[in-house]
1. Two decimals is fine: what is log10 I(q)/I(0) at q = 0.11 Å⁻¹ for the chain, from a Debye sum with one equal scatterer on every Cα and no solvent?
2. Assuming R0 = 25 Å, what is the FRET efficiency of residue 160 and residue 338, from their Cβ-Cβ distance, to the nearest 0.05?
3. What's the magnitude of the charge dipole for the chain around its Cα centre, counting Lys and Arg as +1 and Asp and Glu as -1 at the beta-carbon? Answer in Debye, nearest 20.
4. Just need log10 I(q)/I(0) for the stretch 214-284 at q = 0.12, 0.20, 0.21, 0.26 Å⁻¹, Debye formula, equal scatterers on the alpha-carbon atoms, no solvent, rounded to two decimals.
5. Calculate, in nm to one decimal, what residue 206 and residue 239 gain on full extension: separation in residues at 0.36 nm each, minus their alpha carbon distance.
6. Rounded to whole Å, give me the distance from the Cα center of the stretch 296-325 to that of the stretch 86-101.
7. Expressed in whole Å with the largest first, what are the equivalent ellipsoid semi-axes of the stretch 170-222 derived from the C-alpha gyration tensor as the square root of 5 times each eigenvalue?
8. Can you check what the net charge comes to around residue 288, using other residues whose Cβ is under 9 Å from the Cβ of residue 288 (Lys, Arg +1; Asp, Glu -1)?
Amino acid sequence: MGKKSWRRAALAAAAALLLSAQYGCGAFGDTVPEEAGESDAHTYIQGGEELIIVGFSQIGSESIWRTANTSSVQRALTEEKGYFLISDNARQKQENQIKAIRSYISQRVDYIVFAPVTESGWDTVLKEAQDAGIPVILMDRKADVDESLYTTRIGTDLTKEGEKAARWLEGDLKEKNRLYDDINIVILQGTLGSSSELERTAGFESIASRYGNWHILDRQTGDFTTAKGKEVMTQFLQMYPDIDVVVSQNDDMTFGAIEAIEEAGMTTGIDGDITIISFDAVRGALELVQAGKINVDIECNPEQGEYVDMVIQMLERGEPVEKLYMVEERVFTHRNVARYLEGRTY
Ligand code: AHR
């Protein structure tokens with residue numbers, strides 16, 4: 001067995017054992033069967049000798065979008081395609097991501113793929129990866145670090161998503177002849193300090209600030225979850241009796257917000273009391289767009305796994321890669337949603 005093959009076999013053994021020890025406390029566990037024990041791990045290694053080892057640090061499982069994003073990576077980096085994927089679920093905690101990345105460095109994986117929960121705080125650990133010569137691929141959100149500390153980023157244009165939301169509102173108010181009426185807006189923000197929250201907020205507000213009659217009454221975090229979205233929306237409704245528009249930075253929070261609004265005896269959407277602007281465009285939300293309960297859904301595309309595979313294959317062939325790859329995204333309203341609903345798998 002060659003040196004690299006031996007290292008990969010040893011690493012695969014360590015990873016498989018680590019995963020089986022971690023069930024229920026962080027690992028996704030799709031790379032080895034749930035009941036896998038030491039002997040299963042050994043069998044698994046036999047076939048996996050020459051695989052490319054990828055350490056994947058995912059943020060958590062806070063949203064339907066996140067689950068789709070995780071599954072996109074798992075579908076793209078399979079053993080059949082030549083990968084051994086080690087996954088870790090950080091449960092929305094930066095310290096867990098740093099711990100996972102350090103463990104990937106000490107295991108000397110071939111590549112690290114990670115979706116940073118927040119923008120800041122990554123310099124030290126990414127420098128450690130660089131010193132170990134391990135290419136880092138950022139996925140989904142941004143990390144506020146020197147560009148030399150990562151190989152590439154695959155993600156979405158989060159500022160543009162926020163701008164699209166404001167542009168849609170402009171158009172909607174214009175159609176209703178309300179562009180210069182007083183409009184009361186509340187924002188349900190995602191995880192504070194995440195690039196999805198920071199940039200969607202900045203994108204929306206850069207356009208909102210041009211209208212003196214758009215009043216942003218409040219912005220608070222619902223942490224990208226349905227439960228927190230409902231809780232914050234309930235508070236908003238108690239504090240502000242005259243909300244016209246809710247900008248909810250993901251569909252999971254939107255589901256909670258709609259529940260809160262309906263429980264308060266109001267309606268949402270096209271013919272409703274409160275206009276709903278949402279982000280992500282998961283199937284359940286697109287159904288609500290079709291039903292007229294959500295006015296617009298700004299897509300954030302979770303299908304990023306194929307790009308990760310493409311970048312790794314290019315790097316394996318020694319080809320140069322771009323610093324940034326953006327996935328394609330749309331805007332869905334009742335006018336176009338039917339066309340896309342059928343094909344939506346998540
Ligand atoms: O970073 C992408 C965001 O994170 C998605 O909008 C949200 O649903 C997820 O949790």
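FYI, it's all coordinate maths here, none of it is from the lab. What you see is a predicted model, and the numbers here were worked out from it, not measured in a lab. All Cβ positions, glycine included, derive from the backbone under ideal geometry; neighbour counts span all protein chains shown.
1. -0.74
2. Working from the Cβ atoms, E equals 0.50.
3. 600
4. Values returned for q = 0.12, 0.20, 0.21, 0.26 Å⁻¹ are -0.26, -0.76, -0.84, -1.32.
5. Full-extension gain reported as 9.4 nm.
6. About 21 Å separates the Cα centre of the stretch 296-325 from the one of the stretch 86-101.
7. 23, 11, 9
8. Net charge in that neighbourhood comes out at -2.
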